[in-house]
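Read the structure below first, then the notes.
All of the numbers you see were taken from the coordinates with simple rules; none came from a lab. All of these numbers come straight from a predicted model, not from anything done at the bench. Virtual Cβ from ideal backbone geometry, glycine too; neighbours counted across all protein chains shown.
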Amino acid sequence: MPVRNRRNGWMLVFFLVVGAFVGGLLGNVLSPYLPFLNWSSPTYGINPPLVLNLDMLGFTFGFTLQLSVAGVVGLVIAYLAYRKL
């Protein structure tokens, strides 16, 4: 009976999103003491967001990405945690 691999792509995406979020949050909290953690890239994304209005129903689609040093550190730690799984 073959052993199934416990890791999958969705788990990696989850770890990376949580890692970037926690890293960015810690960067904002620690920025008065370590200001380099909030050095960030330009903002990329859809601005203004795409809007589809169908009278009774409306959809808004938008996406922005801005990485900071703390966010990248969070991504790296999340990837290493995923590898340990």
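Within the range 22-42, is even one residue surrounded by 15 or more Cβ atoms within 10 Å (Cβ to Cβ) and either touching a Pro at 6+ places or on another chain (Cβ under 7 Å) or touching a residue at least 60 places away in the same chain (Cβ under 8 Å) (or both)? Checked the range 22-42: no residue is surrounded by 15 or more Cβ atoms within 10 Å (Cβ to Cβ) and either touching a Pro at 6+ places or on another chain (Cβ under 7 Å) or touching a residue at least 60 places away in the same chain (Cβ under 8 Å) (or both).
Just to be sure I understand, how many residues within the range 31-65 are under 21 Å from Leu16 (Cβ atoms) and touching a helix residue (DSSP H, G or I) at 6+ places or on another chain (Cβ under 9 Å)?
4
Of all the criteria given as (1) assigned to a helix (DSSP H, G or I); (2) among the hydrophobic types (A, V, I, L, M, F, W, C); (3) surrounded by 10 or more Cβ atoms within 10 Å (Cβ to Cβ), the one not satisfied by Phe59 is (1).
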